[in-house]
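The next block holds one structure in the form of structure tokens; read it before the comments.
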Amino acid sequence: MKIALVGIGKIARDQHVPAIAASPDWDLAATVSRHASVEGVSAYDDFAAMLSAHPDIPVISLCLPPVPRFAYADMAIRAGRHVMLEKPPGATLTECHTLRALARDHHVALYATWHSRQADKVPAAKAWLKDKTLRSLSVIWREDVRKWHPGQDWVFEAGGLGVFDPGINALSILSEILPDPVHLTQAELCFPENRDTPIAATCRFHHPTGAPVTLELDWREVGNDIWTIEATTDAGTLTLENGGGKLTIDGQADESLPGLSGEYPRLYDQMAKLVARGGIDMDLAPMRHVADAFTLGRRVTVEAFDW
Ligand code: NAP
């Protein structure tokens, strides 16, 4: 299937272009970006122009930051194209609901991707937790914003989510592996005095058994990334590290490996299946937790941040 990539920035280059190139399902037929292109692929700087020049491209993958993304998704769906959305699927929940209704009306496939859910050990963690009683759970997601978002001011602008940009990855795993839903009850958000989104946050959640569930996010980590979920249960302790790439149960490593390798190859495999069968895959649970954090969170002002 022919596909067009829109927004040729960090994630498009790091993950989408290689995943598409390696897939038997996809042919990268066009790109849309105001400043960038991919060698050997038809390049456009205007999305409407690409859509009208290429009625032969049925699928659009949007790799833009969240705030500009809705207008592109809206235009693509109205043009009858299937759409794949980078995470988060929109700048607001209402945008996402609007896109879902629009895709339904236009009978196109819509996929809100959560790449972290495709990490190697997420299915095994989900399977293990399925019949356990949770006693406590902590999520620690600490990384260096300068390493993962070098110079990307949009992450600190309204709608850019700040530290919840990676934090939503943790929440996408949490909402996938826990058999019972949690909801946020308390949050503290640390905003640099010169920025509009938080650089760190702590959150607490309600779990039906009363088990304490906590989340700690920090973008000021200068050492190694720490992307860890630890769950203590009635039958042992599960530790999911490396953003879902490593699983140990009571210190014993899980060595099983799913077939297809890599988060983005798995996303594109899912998209090919979704287009083939039709329909919408848009789980908004991770976004709801983030929206709740911004609604309930107490704001704390911290030191200014500059690149
Ligand atoms: P990025 O490099 O800053 O932006 C991607 C591209 O979007 C840019 O190259 C830019 O292309 C285009 N763009 C930016 N602002 C725009 C605007 N206002 N209107 C139209 N186009 C605009 O960001 P990224 O890191 O690739 O992240 C994009 C998305 O991927 C985000 O939602 C992020 O959460 C997600 N993601 C990122 C990472 C990561 O490691 N960075 C990992 C996983 C997922 P032109 O200026 O050339 O048009």
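The values are calculated or read from the model by the stated rules, or taken from the named source; none is laboratory data. Treat the numbers as computed from the prediction; the structure is a model and nothing was measured. Note that we place each Cβ from the backbone using ideal geometry, even for glycine, and neighbour counts take in every protein chain shown. We work out accessible area using only protein heavy atoms, side chains counted, and drop any ligands, DNA or RNA first. Shrake-Rupley method; radii C 1.70, N 1.55, O 1.52, S 1.80 Å.
Worth a mention:
- Strands (runs of 3 or more DSSP E) fully within region 214-266 counting 1 or more residues that are open to solvent by 60 Å² or more (accessible area, probe 1.4 Å) and aliphatic (A, V, I, L, M): 226-233
- The set of residues in region 14-34 that are within 13 Å of the ligand (Cβ to nearest atom), open to solvent by 60 Å² or more (accessible area, probe 1.4 Å) and in contact (Cβ under 8 Å) with a residue 24 or more places away in the chain contains only Gln15.
- Taken over region 267-278, the criterion of being more than 13 Å from Trp26 (Cα to Cα) and modelled with pLDDT of 95 or more is satisfied by Leu274, Arg277.
- One residue stands out among those in region 156-210 that are among the acidic types (Asp, Glu) and closer than 27 Å to Thr113 by Cβ: the one that is least open to solvent (accessible area, probe 1.4 Å), which is Asp165.
- Leu64 vs. criteria out of contact with any Lys or Arg (no Cβ under 7 Å at 6 or more places or on another chain), in a loop (DSSP other than H, G, I, E, B) and buried (at least 19 other Cβ atoms within 10 Å of the Cβ): yes
- Some residue of region 86-109 being within 21 Å of the chain's Cα centre (by Cα), surrounded by 24 or more Cβ atoms within 10 Å (Cβ to Cβ), in a strand (DSSP E or B) and modelled with pLDDT of 95 or more: no
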